[in-house]
Amino acid sequence: MSESVLPHTGAPDPGKLISAVLAVSVHVVLAVILIFGVRWQNRPAAPVEVELVRSLPATTPAARPPPPKPLPEVKPAPEVKPPPRVEVKPPPKPDIAIKDKEKPKEKPKETPKPPPPDPQAEREKEREQERAEERKLMQQQLARESQRITQNMAAQEVDRLNRELRDTQAKAAQERASKDWGDAIRAQVRKHIVLPPGTTGHPEAIFQVNLLPDGDVMEAKLKKSTGNPALDAAIERAIFKAAPLPKPANPGAFQRDLKLTFRPLDD
């Protein structure tokens, strides 16, 4: 199959023409955007219409459309300068200050006069004060009395404790003096005891001795036997031989009836 070839007439190619038109249109649109985008606050930009033409089908030279008309030249808008800034100065202060008007003085409010005192209420108030004073004096008197009683009781307790302490000390001293006196009598009696033959063990005899103040022996009674009558008789004879017996160092420790314990083999 043979293809028909269009003769070359020297006319411009329609596809290239359309591409050139599109390129020019895009540049014009960009220029318009740049120009009017900067001055949009001062003057609105004029609308620009751009007609886009699709590529035409291949036709004969006779059916080719006429070339597009050139677009009108868009002039940039003139630059609008802002008006000069005017500085507003504050008004000068007046030399003489205006004084505030003096406020009218308020009249002092009259305080209401108190009602006249009630004589009955006054007398009741005085009686109440007197009763309060009486109660106060009574409380003070009770406090003083309670303090006095407490002090007396404390003093009595202190005296009682002191007496008990003195009695205990005196009793201990007397017991110590009595023991020392008894040891002295036993030591002197021991010197006069003659032990019977065959005496052994730990014999113990208790005698109640009746004494005179000068140490003489009035009587010696056996209260507990050693179990050896000969030894009991030897101790009794020694008590009378040792008279007069020693006197106590403390005269208050003297006793007329003295109970003495003798252990001849232990002394």
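Each value in this text was obtained by applying a stated rule to the coordinates, not by laboratory testing. In this text, all values refer to a predicted model and were calculated from it rather than measured experimentally. All Cβ positions, even for glycine, are placed from backbone atoms using ideal geometry, and neighbour counts span all protein chains on display.
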Where N is the number of residues in region 175-262, Cα Rg divided by 2.2 N^0.38 Å: 1.06
Distance-filtered residues of region 229-243 - backbone nitrogen under 19 Å, label point 7 angstrom along residue 219 Cα→Cβ: 233, 236-241, 243
Cα-projected label distance for residue 247 with residue 166, points at 7 Å along beta-carbon direction, nm: 2.6 nm
Ordering of 217-230, 120-133 by packing [mean C-beta count within 10 Å, highest first]: 217-230, 120-133
Inter-label distance, nm, simple model (7 Å from Cα along the C-beta direction), residue 210/residue 154: 5.5 nm
Label-point gap, in nm, between residue 183 and residue 22 - each point 7 angstrom along Cα→Cβ: 15.0 nm
